[in-house]
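**Student:** Submitted below is the structure of interest, expressed as structure tokens.
The values are calculated or read from the model by the stated rules, or taken from the named source; none is laboratory data. Everything numeric in this text was worked out from a predicted model, so none of it was measured. In this analysis, Cβ positions are derived from the backbone assuming ideal geometry, glycine residues included, and neighbour counts consider all displayed protein chains.
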Amino acid sequence: MQVQEIMTRRLATVHQDDRLEVVREIFEQAPFRHLLVVDDADRLCGVITHADMYRALSPYLATDAELERDRDTLQRRAHQVMSRQPVTIAPGAGLDLAAVLMLEHHVSCLPVVNNGILQGVVSWKDLLRTLIK
């Protein structure tokens with residue numbers, strides 16, 4: 001079986017200069033845990049995970065202890081917290097290669113790229129769902 005058969009084609013992306021406030025809003029409204037970061041030419045330049053975002057934000061946001069400097073963490077840019085040079089995979093690659101890449105590089109998703117064009121994303125959950133079918 002190939003990656004293109006199980007990948008998610010409906011992609012959520014943010015621009016590298018978008019603020020974390022935008023990233024947080026997307027994560028709060030959507031059930032996924034990865035956002036693909038694109039540059040001005042819509043080329044993939046990074047990935048932000050749900051965990052990356054929360055590590056970058058102040059833990060005091062929305063608490064009684066919140067200060068202006070805590071709110072300022074929402075103004076950081078996506079490129080400041082994203083994982084750069086993401087490990088990618090081709091749509092025709094096998095699922096075994098996807099699993100190996102995720103394990104070797106300690107990542108939970110792989111953007112699917114064909115000739116430099118973003119096609120989809122495959123996550124560890126996609127692989128497990130396929131395994132149990």
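**Student:** Just name the residue that is surrounded by the fewest Cβ atoms within 10 Å (Cβ to Cβ) out of those in segment 111-133 that are closer than 19 Å to Ala51 by Cβ and without any contact (Cβ under 8 Å) to a residue 40 or more places away in the chain.
**Tutor:** Leu128
**Student:** Here is a list: Leu103, Leu35. Which entry is outside any loop (DSSP other than H, G, I, E, B), surrounded by 17 or more Cβ atoms within 10 Å (Cβ to Cβ) and of a type outside the set (S, T, N, Q)?
**Tutor:** None of the others qualify; the one that does is Leu35.
**Student:** Within segment 46-58, track down each residue that is surrounded by 12 or more Cβ atoms within 10 Å (Cβ to Cβ) and free of Cβ contacts under 8 Å to residues at least 40 places away in the same chain.
**Tutor:** Result: Ile48, His50, Asp52, Met53, Tyr54, Ala56, Leu57, Ser58.
**Student:** Would you confirm whether any residue within segment 62-71 is at pLDDT below 95, buried (at least 17 other Cβ atoms within 10 Å of the Cβ), within 29 Å of Glu21 (Cβ to Cβ) and not hydroxyl-bearing (Ser, Thr, Tyr)? It would help to see each step written out before you state the result.
**Tutor:** Initial filter on segment 62-71 (at pLDDT below 95): 62-71.
Of the ones still in play, those that are also buried (at least 17 other Cβ atoms within 10 Å of the Cβ) are none.
No - not one qualifying residue is present in segment 62-71.
**Student:** Restricting attention to segment 14-52, which residues are within 20 Å of Trp124 (Cβ to Cβ) and either in contact with a Lys or Arg (Cβ under 7 Å, 6 or more places away or on another chain) or among the polar types (S, T, N, Q) (or both)?
**Tutor:** Gly46, Thr49, His50
**Student:** If we scan segment 78-98, do we find a residue that is farther than 23 Å from His15 by Cα, modelled with pLDDT under 95 and loosely packed, with under 13 Cβ neighbours inside 10 Å?
**Tutor:** no
**Student:** What number of residues within segment 1-41 are closer than 17 Å to Val107 by Cβ and among the basic types (Lys, Arg)?
**Tutor:** 1
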